[in-house]
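Since every read-out is calculated from the coordinates, none of them should be taken as a lab result. Quick caveat, the model's predicted, so the values are computed rather than measured. In this analysis, Cβ positions are derived from the backbone assuming ideal geometry, glycine residues included, and neighbour counts consider all displayed protein chains.
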Amino acid sequence: MKAVYKNIHQEIINSCKLGEGTAQLQLYKLYYKAMFNTSMRIVNDQMEAEDIMQESFLKAFQKIATYKGDATFGSWLKRIVINNSIDSIKKKDVLSFSEEITEGIMKTPEEPEYSHDHVFNARKIQQGIEQLPHGYRVIVSLYLLEGYDHEEISQILNITSSTSRSQYNRGKNKLKELLTD
């Protein structure tokens with residue numbers, strides 16, 4: 001099967017598939033900051049994000065033979081990091097959804113009208129996201145920062161896409177409250 005994506009680091013990836021430690025170190029240096037930031041946005045704990053990032057790289061190197069090139073290497077690795085981050089939260093029983101939402105009874109609320117007078121800088125938005133409850137923060141991060149759509153989020157979190165939309169809207173509204181206070 002021919003790879004769809006041409007990875008600019010394909011030679012390093014091929015060397016990793018052969019088990020070469022120097023290539024693994026090179027790949028780690030290329031991606032560790034982005035993968036740490038991805039995990040940090042989800043778990044909101046620096047030490048935990050560091051551990052998750054390390055475990056994700058170990059898992060990636062163990063399973064690198066399964067990487068077929070049908071997505072960029074970075075997106076393949078990011079998926080591992082996101083799944084490990086979410087698993088970490090689930091283990092702590094922090095990621096919970098109300099019974100009403102989990103059952104998919106709630107409809108996605110209509111988008112309320114907001115004044116566009118508020119301009120926020122990126123740091124303030126990030127601080128606001130960090131203050132969100134875990135369930136909201138995960139979905140808001142996956143949707144806004146990682147670029148996943150609600151269908152993908154529903155598969156990652158094993159929830160319905162309507163639950164993802166509802167939690168996203170609630171998280172977004174809570175974030176707006178935090179930013180306007």
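If each residue of separation counts as 0.36 nm, what is the full-extension length gain between Gln127 and Asn158 once their alpha-carbon separation is subtracted? Can you show the working numbers first?
On the way: separation 31, 0.36 × 31 = 11.16 nm, distance 2.71 nm.
Going from the current span to full extension adds 8.4 nm.
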Exercise for the section: Please give, to one decimal in nm, the separation of the simple spin-label points placed at Lys17 and Gln62, each 7 Å out from Cα toward the Cβ. Expected result: 2.1 nm
Exercise for the section: For the stretch 3-43, just say rounded, prolate or oblate: build the C-alpha gyration tensor, square-root its eigenvalues into a ≥ b ≥ c, call rounded for a/c under 1.5, and beyond that prolate if a/b exceeds b/c, oblate if not. Expected result: oblate
Exercise for the section: Note the count of lysine pairs whose C-alpha atoms are less than 26 angstrom apart in the stretch 10-91, limited to pairs 8 or more residues apart or on different chains. Expected result: 26
Practice task
Step through the residues of the stretch 156-165 one at a time and calculate ³J(HN,Hα) from phi using the Karplus curve (6.51 cos²θ - 1.76 cosθ + 1.60, θ = phi - 60°), rounding each to whole Hz and writing x for Gly and Pro.
Solution key: 5, 8, 6, 10, 7, 5, 5, 5, 4, 4
